Amino acid sequence: MTSLRMSPTRISFFIPALILILVFVVYPIIATILLSLNINPIPGTEIVEGAPGLENYVKVVSDKRFLNPKGVEQASFPMGAIVHNVIWIAIHLPLTLVVGILFAVFLQYVKGGSIIRSFIFLGMVIPMIVGGLLIQFSFDKDLGVVNLLLKASGLGFLAKTWTIYPDTALFSLILGSVWLWSGFTVTMYSAGLSSLPREVIEAAIVDGADFKTILFKIIIPMLKPVTLTVVAMTILWDLKIFDIVYASTQGGPGGASNVLALLMYEYFARLGDYAMSATVATILTLVVIPVVLLWIRSIMRGGEG
Amino acid sequence: MGSAPTVTTKITFLIIGIIVGALIGYGLGYATITPREVTVTSTTTVTYQATASPTPTEKVKLIVIGPWAGAEMEAFQQVLDKFMEEHPNIEVEYRIYRAEDLASVALPQFEAGMAPGDVIFTAWGWWVKEMGEKGHLLDLSGLVNPDEFVSGIFDPVTSGGKIYGLPFTAWAKPGFWYRKSFFQAHGLQEPKTWDEFLQLLDKIKGISGVEAPIVTGDGVGWPISDVTEHFIITFGGIDMQLKLASGELKFNDPQVRAVFENYLVPLLEKGYFSEPIEWTKAIEEWWSGRYALYFMGTWLTGMVEDPNDLGFFPLPGCEGVVMGTDYIFVPKYTEHPEEAKLLAKWLATEGQRVHVGTHAGKFATWLKVSVEDHWAPMQVVYEKLSKMKPVPDLDDTVGGDWQKLFWDQLKLLWVDPGKLDDVLNTLTENFPG
């Protein structure tokens, strides 16, 4: 234990990294929080207009783009950016988990599975801004692969440009994001699967267990640590989703696909209202923190186990 | 425990001391530095005093930023080439930024004392004025004589006796464009009344292979707002357009609602307009005969294969035409202010003569450019437009966050006309001021 004691020599090695973290991580976080409270964090500039306080938080929360009570009440879009983010998580998370685990298991036992995995991973390699444009094209009435599939399967009456209608814009983006994000989940589960002890599965097969039993009673429970990571990363990704929406719908029509990060960007880039933008960023951080804490806790518990 | 500190310990304390010192210094600076003053100005008349920018003796490179790509960029490049020919010591590099992207990128750069370019174009006069009032732009008063330009064109970029932008060539959004060959092939004629317009749409809808009579251009949203404004000017009058832009009239006012309810919404409900299609893709589809009519600006003339096959008509009874220009401004943070001003002045004057002669589909705002200087197809358009009164663009006049809201809400109306009241109320509630 003596060797682990923090001597001044050891502390000095931390200092360069500490300075960088202080300047580029801690200070921006503190500055953003101060800015959201109308406290000027940068001397010599005039980026704050109102009096210090929670005024910006009140303004953001009462902004219909953030939360639209009428839309929520009538279950019609737009419901507000924060509700759209929640809907995104509610649909995207289970879908991406199911797709990820099924493909990973399936590709484990299929000849040429690694090649197919590479193709699936392409979604992750594509820049998300391009991914947004691809989603827009995919749901186009004439050019889109989704509508071509619908027509081919006798559902041509459903063919339309999905991203321009308020009732379907958000859902089309979410479905598109499942494709873009599945590369990550498939890769994570594939890595998890390859590290599972094969003798456990082989013993189950010898005992006469069918595929369903092996999947639900052995594979999925043993992949719990991977699932926790995938869940946390997916929720974080869903909460900070921006580029897909920006490139494909700009949050429209009528704000029907607006999300928190886009709202933050609009305050910042469109209005030059840095304080309001910082407020949305702080709210976004507050929403993200519990997820991160739960994730860290679960990982530490896993480590202890 | 009681031993003297080692060299490493001393260094450690020294570094910590520097950090703490820096933080204290920062804190003191925070408490003592006087915030930069922001000048708030008000609009006044500007008097012209000619000033000359010297030609540089050393080679200088300027960055010009504009919104044009493709065919429009090729036309503008001819203007820059001519300038470089006349000013061999100035090299000009052109970069593309859409107005909405420029607004996002430039403001943070200005705040940091930087500029993305030396001479910049944007159609948003309101934005130029706002940046000028914040002290980010050079005052261009005296570079040109405002009396030599179209009346009132400096108003959107003038504040506190200073001119922050110079006008470049202008465009107009005159009405519905069609292919003469398509109309001839199907025995169609320009309508003279609203009823004839409806009959025309019905006839077009019955033509085999036509998806919808009118193609709706999409993008960030301006093509939809353009056609909407045309309906407002036609059925509400020029006065309604001006009052809506100034906020004097609300969007949910019964007379405004009537324009939407009686004229625009029925056409949307009957499927006379297509779904919004990316506006350049829409040109191809309209030109191929999939759609018959396209509401677009005069720059369309430079974007089609055969401009001589083009015809257009405004809605019957329309007396006004939305016109606008691209403004040239020079950021205060340019490294070559004199050369940038020289280029800005040239572009606003002689550069216009070059530009209107290309296939850009633009008109000159500098009155010393004659009709004959314009590209031949534009002379025909110019002749037809001269009978209409110029009107400012509604959303470009209001600007800010509301402009994006306007575009977005109209997109919603286009796909869901039943939400008319929601759309009008949203536009009213969020109108600035």
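The values are calculated or read from the model by the stated rules, or taken from the named source; none is laboratory data. Model, not experiment: these values are computed from the prediction. Cβ sites come from the backbone with ideal geometry, for glycine too, and all protein chains shown count toward neighbours. Only protein heavy atoms, including side chains, enter the accessible area calculation; ligands, DNA and RNA are left aside. Shrake-Rupley method; radii C 1.70, N 1.55, O 1.52, S 1.80 Å.
Observations on the model:
- Sequence-ordered 3J(HN,Hα) estimates for region A:218-230 from the Karplus curve with 6.51, -1.76 and 1.60 and θ = phi - 60° stand at 10, 5, 4, x, 6, 8, 3, x, 5, 4, 4, 5, 4 Hz, glycine and proline given as x.
- Members of B:K341/B:K389; B:K59/B:K332; B:K203/B:K270 lying beyond 25 Å, as alpha-carbon distances in this model show: B:K341/B:K389
- Taking B:M240, B:M84, B:M323 in turn, the Gaussian network model of chain B (Cα-Cα springs below 10 Å) assigns the largest fluctuation to B:M84.
- Label-zone membership for region B:311-350, site B:E86, 7 angstrom Cα→C-beta point, backbone N under 11 Å: B:343-350
- Ligands, DNA and RNA left out, the 1.4 Å accessible surface of chain A is 73% carbon and sulfur atoms.
- About the centre of its Cα atoms, the protein assembly as shown shows a dipole size close to 2440 debye [charges on the beta carbon of Lys, Arg (+1) and Asp, Glu (-1) only; nearest 20 debye].
- Cα-based helix-to-principal-axis angle, B:222-236 vs chain B, degrees rounded to 10: 50 degrees
- FRET efficiency, A:I115 to B:T428 (Cβ-Cβ, R0 60 Å, nearest 0.05): 0.55
- Multiplying the residue separation of B:V210 and B:V105 by 0.36 nm and subtracting their alpha-carbon distance yields 33.7 nm.
- Label sites at A:V72 and A:I42, each approximated as a point 7 angstrom past Cα along Cα to Cβ, lie 3.4 nm apart.
- Each of A:L143 and B:Q199 was given a label point 7 Å from its Cα along the Cα-to-Cβ line. The distance between the two points is 3.9 nm.
- Compactness index (Cα Rg / 2.2 N^0.38 Å), chain B: 1.18
- Mean ellipticity per residue at 222 nm, deg cm²/dmol - from DSSP H runs of n ≥ 4 across chain B, formula -39500 (n - 2.57): -13000 deg cm²/dmol
- Extent along principal axes [Cα atoms of region A:101-231; Å; largest to smallest]: 52, 33, 28
- Taking all Cα-Cα distances within the protein assembly as shown, those exceeding 47 Å account for 31%.
- For chain B, the longest principal axis of the C-alpha atoms and the axis of helix B:400-415 are separated by about 40°.
- Theoretical gain in end-to-end length, A:S195 to A:Y57 [0.36 nm per residue, Cα-Cα removed]: 45.0 nm
- Between B:R95 and A:I129, the C-beta separation translates, for a Förster distance of 25 Å, into a calculated FRET efficiency of about 0.85.
- Accessible surface calculations at 1.4 Å, restricted to protein heavy atoms, place the protein assembly as shown at 47 Å² per residue.
- Over all directions, the projected convex hull of the C-alpha atoms in region A:54-304 averages 16.9 nm² in area.
- Residues whose amide H falls under 5 Å from that of B:D326, counting only those 5 or more places apart or on a different chain, are B:F168, B:T169, with hydrogens built in the peptide plane.
- Inter-centroid distance (Cα atoms) of region B:136-163 relative to region B:310-341, Å: 13 Å
- Given their separation in residues at 0.36 nm each and the Cα-Cα distance between them, B:D147 and B:D421 gain 94.2 nm when the chain is fully extended.
- In sequence order, region A:25-33 has phi-based couplings of 10, 5, 4, x, 5, 5, 4, 5, 5 Hz under the Karplus curve 6.51 cos²θ - 1.76 cosθ + 1.60, θ = phi - 60°, and Gly or Pro positions carry x.
- The 3J(HN,Hα) values that the Karplus relation (6.51, -1.76, 1.60; θ = phi - 60°) gives for region B:161-176 are, in residue order, x, 10, 9, 9, x, 10, x, 9, 5, 10, 10, 9, 10, x, x, 8 Hz. Gly and Pro appear as x.
- With a simple spin-label model that places each label point 7 Å from the Cα along the Cα-to-Cβ direction, the separation between A:K224 and A:A90 comes to 2.8 nm.
- Summing Cβ point charges (Lys, Arg +1; Asp, Glu -1) relative to the Cα centre of region A:1-99 gives a dipole of roughly 360 debye.
- For A:K151, a cut-off of 16 angstrom between C-alpha atoms picks up these lysines, skipping any fewer than 8 places away in its own chain: A:K141, A:K160.
- Percent of beta bridges antiparallel (DSSP, the protein assembly as shown, rounded to nearest 5): 50 percent
- Evaluated with a Cβ-only charge set (Lys, Arg +1; Asp, Glu -1), region A:54-304 carries a dipole of roughly 140 debye about its Cα centre, given to the nearest 20.
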